[in-house]
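Student: Pasting in a structure now, in structure tokens, and then I'll have a few things to ask.
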Amino acid sequence: MDAGSMNTSSSLKAQSRFPLQQQFLPRTTSKENLDRFIPNRSAMDMDYAHFMLTEGRKGKENPTGNSPSREAYKKQLADSLNINRTRILAFKNKPPAPVELIPQDYSLHHKAKSTKPRRHIPQSSERTLDAPDIVDDFYLNLLDWGSSNVLAIALGNTVYLWDASDGSTSELVTVDEEDGPVTSVNWAPDGRHIAIGLNNSHVQLWDSTSNRQLRTLSGGHRSRVGSLAWNNHILTTGGMDGQIINNDVRIRSHIVETYRGHTQEVCGLKWSASGQQLASGGNDNLVHIWDRSTALSNSATQWLHRLEDHTSAVKALAWCPFQGNLLATGGGGGDRSIKFWNTHTGACLNSIDTGSQVCALLWNKNERELLTSHGFTQNQLTVWKYPSMVKMAELNGHTSRVLYMAQSPDGCTVATAAGDETLRFWNVFGVPEMAATKPAIKAKPEPFSHLNRIR
């Protein structure tokens, strides 16, 4: 074996020790792997280059033929003609810097914005609890989550409380058979006092801390009270008689205003964040917007706007947390739509056909998203991106229409109760970015983690 083949085999062996490495093969012909180099011609002396490539090379190839006097003459001639240079091919200047079409700070910001990870939405509930004897009635409101992180739910004639911070459970009240069942519950803004609407047209006020009844509001409605809404010290009640009554709970004669506009049961009530406008939905397919300042000045019952676009009962109402005059409403089984309203003008901004009965609506407090609960046929929860109204997720688990929804004080967890007698907790809105930086919130135990029954 000749030396050339030995060298070749040894080099191949050396290369085989490092698999998956890029190999560089030797050039076989002079026309392979060549770069085309184009210099800056303005910095060249083409005559001198031609001389060096032809006649000038002869002296170097045969240096013995040059005498000292000839070499001195050539040196003096080169100096006088300014051709004694070592560089023949040269760039005159450095290439210009590339023009930055997009500012660097903008591109970095755009890249960071576009690479924001999409929030994960769990497809199943975090916890499922048994809720026996819950009334399967579309027009009632039997679930509410207070600012003190206590959940209230009415099961038949009894109202139960759960403290989400420690998982403790307590029974607040059981009403008599002739007065019940409980038809609505709603926490006051302080998270301590709670209003309870009854089938006998009365409303009870309770102190949850001392577990005692403070007073009973009566004389306003003629039938059951299915909807409640607080506005500071004003408790607004809606009844099957179509009346809406503002009650000042601080005074003995508690009825201060009465709104008449619905001809059938009032099943939805929500005050705006400013406390100036009240939205009401009824079984007459109507939505009314009431302005408190107008009612106070005129002592009349005329609504600000009467919205007639829905074709079925309207129970689901939700004011937008980031736009004060934006109201979302949802229609029942004959309507199946979500509508968005400008409550300053009364204009319908958008309408979306959901394909099923809309039972409840909730806005995400931290993102521009909306959650809806539905009835037949899928009994699902749907997360929507606002304002595009693109479906982000559909959550399934309930086997009957999801009639009631309540949101935790931090806005992350949603509790749902359905006709299938279950109460489920969903981490549907995730952890807000500001809250995620606080270890105290992350370290919170899972709400009701050690419970498996409501009672």
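Student: Can you tell me which of 258-269, 278-289 comes out highest on packing, and rank the rest after it, using the mean Cβ neighbours within 10 Å?
Tutor: Highest to lowest by the protection proxy: 278-289, 258-269.
Student: Here is a follow-up. Alpha carbon centre of segment 409-423 versus segment 141-209: separation in Å?
Tutor: Distance between centres, Cα-based: 15 Å.
Student: For segment 299-426, what is the charge dipole size about the Cα centre, in debye to the nearest 20, if Lys and Arg each add +1 at the Cβ and Asp and Glu each add -1 at the Cβ?
Tutor: On the way: 10 positive and 10 negative charges, 26 e Å.
In total the dipole reaches around 120 debye.
Student: Using every pair of alpha-carbon atoms in segment 135-308, split the distances into 5 Å bins beginning at 0 and state the percent of pairs per bin, rounded to integers.
Tutor: That works out to 2, 9, 18, 22, 20, 15, 8, 4, 1, 0, in percent per bin.
Student: State in Å² the accessible area per residue of segment 135-308; use a 1.4 Å probe, count heavy atoms of protein chains only, and round to the nearest integer.
Tutor: The answer is 39 Å² per residue.
Student: Highest mean first, how do 328-336, 396-404 rank when packing is the count of other Cβ atoms within 10 Å averaged over residues?
Tutor: 328-336, 396-404
Student: Rank these by accessible area, largest first, 1.4 Å probe: C348, C359.
Tutor: C348, C359
Student: Quick one: pull the percent of accessible area on segment 201-281 belonging to carbon and sulfur, 1.4 Å probe, ligands and nucleic acids left out. Before the final figure, lay out the partial values.
Tutor: On the way: 1440 of 3270 Å².
Taking all protein chains in place, segment 201-281 shows 44 percent carbon and sulfur surface.
Student: Right, something else. Quick one: putting +1 on the C-beta of Lys and Arg, -1 on the C-beta of Asp and Glu, what dipole do you get for segment 135-308 around its Cα centre, in Debye to the nearest 20?
Tutor: Value, rounded to 20: 660 debye.
The values are calculated or read from the model by the stated rules, or taken from the named source; none is laboratory data. Predicted model, so just to flag it, every value in this text is computed and none were measured. Positions of Cβ are backbone-derived with ideal geometry, glycine not excepted, and every protein chain shown enters the neighbour counts. Just so you know, the surface numbers come from the protein's heavy atoms only, side chains and all, with ligands and any DNA or RNA stripped out. Shrake-Rupley method; radii C 1.70, N 1.55, O 1.52, S 1.80 Å.
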